[in-house]
1. Check GLY422 against each of (1) assigned to a loop (DSSP other than H, G, I, E, B); (2) under 19 Å from ILE141 (Cα atoms); (3) not polar (S, T, N, Q) and name the one condition it does not meet.
2. Residue under question is SER302, and the condition is that it be touching a Pro at 6+ places or on another chain (Cβ under 9 Å) and among the polar types (S, T, N, Q); does it hold?
3. Among (1) more than 21 Å from PHE223 (Cβ to Cβ); (2) over 19 Å from the mean Cα position of the chain (by Cα); (3) not β-branched (Val, Ile, Thr), there is one condition ARG170 misses while meeting the rest; what is its number?
4. What number of residues within region 366-419 are in a loop (DSSP other than H, G, I, E, B), more than 28 Å from PRO436 (Cβ to Cβ) and not β-branched (Val, Ile, Thr)?
5. In region 253-265, what count of residues is obtained for those that are free of Cβ contacts under 8 Å to residues at least 40 places away in the same chain and more than 16 Å from LEU218 (Cα to Cα)?
6. With respect to LEU341, determine if the residue is in contact with an Asp or Glu (Cβ under 8 Å, 6 or more places away or on another chain) and either touching a residue at least 60 places away in the same chain (Cβ under 8 Å) or of a type in the set (Lys, Arg) (or both).
7. Inspect region 55-63 for any residue being touching a helix residue (DSSP H, G or I) at 6+ places or on another chain (Cβ under 9 Å) and either closer than 25 Å to PHE116 by Cβ or without any contact (Cβ under 8 Å) to a residue 12 or more places away in the chain (or both) and give the result as yes or no.
8. Somewhere in region 201-219, is a residue touching a residue at least 60 places away in the same chain (Cβ under 8 Å), in the same structural domain as GLU134 (by TED's automatic domain parsing) and of a type outside the set (Ser, Thr, Tyr)?
Amino acid sequence: MNLIQRLHIRSYGALVLAFCCLARPQLYAANAILAGIDRRIETHRTSAVELRLRRSDGAVIAPNAAVHVEMTEHAFLFGANLFRFDDIQNQSHQELYRQRFAELFNYATLPFYWEFYEQQPDMTAELHRRTIAEWCRDRGIRCKGHPLVWVLEPPWVAQAPDGAARVFSRVRRESAALQGWVNYWDVVNEPVVGGTFAAERNAMQLAKAYKTLGTTELIRQAFAAARTGNPHATLILNDFDTSRRFVNVAKEALAAGADIDAIGIQSHMHDGYWGAERLWNTCEQFRSLQLPIHFTELTILSGRLRLPSDSEHTPENNRWASTREGEYRQAAQVTELYRLLYSHPSVEAITWWDFTDHASWMLAPSGLLTKEMRPKPAYRELKRLIRGAWWSRVDGMATADGRFKLRGHHGKYQVRVRDANGQTLVGDFTLARDTPADLIVKCIRE
């Protein structure tokens, strides 16, 4: 992206903000939220550390050695769904889809919708999902499964004599079978309307479980089953309802002993960008649960907004297209949104939905890539942040006693030291909120 295009994005965002401040005085609060982003990022996402560089035998590395420190893995989870991993018929488009995913993200959501995952009893898509997870692992991408308990229930379950029990046994099975490959799970999806939605979608066993157990106990049992399958997984309670209803559902489940690790917030903005104030207030509302927050399904369109005539069930009639103006608007809003969420201390993950316009939900222009896998301006702006501004690299010289100071974004790092004799030594360390301010790093010969 050239300078003129980038200025276009930022100017567009500034004009929108200025107009809104004139039209809505309450957006002065949004100004204050946005003004504090850089300070909050430095406070919550970076730490200062003094490295004491040592050889493997503990000896101080020679004085005045040249030092290069670079992040190798981000602690924050930046991701998208990887649903089009191997179903794009155009081979060059398929390769570009994977390449551009790996160039930007460290986190992938894999599909585990029960209706499609186990179309016949005990015949699952485990090997296929494991193949995708292996591809991700080779590229340093962590995987999440979505979802374990939701309304897309295989038709055969309704006739199964042990159908209600299978709702929970399926949770244990998947979390156990993919342990080490998929270590994040959306365990219960959309519980606020879970029972009603299950009945409407003919998910009869799930509807029965909601009715018999109640929402709180269903959540407790589902999370217990997932924890049994994978004791080390991060288990998420996920919903599109961002009102107090979801807060109360989560509170009641936690009080009943549900083993919830994080709260998942869906944020499909097909009707328009939420804006800084709503985003911040949503984070603050769920912060009261004292759990990490994951934005699990995030969408901002690069075309017109949703019309009443647009349908989830007949997406071919929606006739949406990405436009040049829409792409610049999307880029400005995406930049603001990611910077704001990254600055909030409770947010630990952001998942974009969908990565490409190809076969997107409702066939909306929701991707960071077009149908032809062309990066939109929003993709380039995110790459500038995730792999640029927030990807720490530091060069300098060690002191006489082998010390080296830096401030970096939280994550894993590699240290490369070249001493006066031309020898290169390599070490690694992790920088986190609780990393000691004084850290010994042992380096070995490359």
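The values are calculated or read from the model by the stated rules, or taken from the named source; none is laboratory data. Remember, predicted model here, so these are calculated numbers, not experimental data. Quick reminder, even Gly has a Cβ in these numbers, built from the backbone with ideal geometry, and neighbours come from all protein chains shown.
1. Looking at each condition in turn, GLY422 falls short on (2).
2. yes
3. Evaluating ARG170 over (1) more than 21 Å from PHE223 (Cβ to Cβ); (2) over 19 Å from the mean Cα position of the chain (by Cα); (3) not β-branched (Val, Ile, Thr) leaves (1) as the failure.
4. 8
5. 3
6. On the way: in contact with an Asp or Glu (Cβ under 8 Å, 6 or more places away or on another chain): no; either touching a residue at least 60 places away in the same chain (Cβ under 8 Å) or of a type in the set (Lys, Arg) (or both): yes.
So LEU341 does not fit the description; no.
7. no
8. yes
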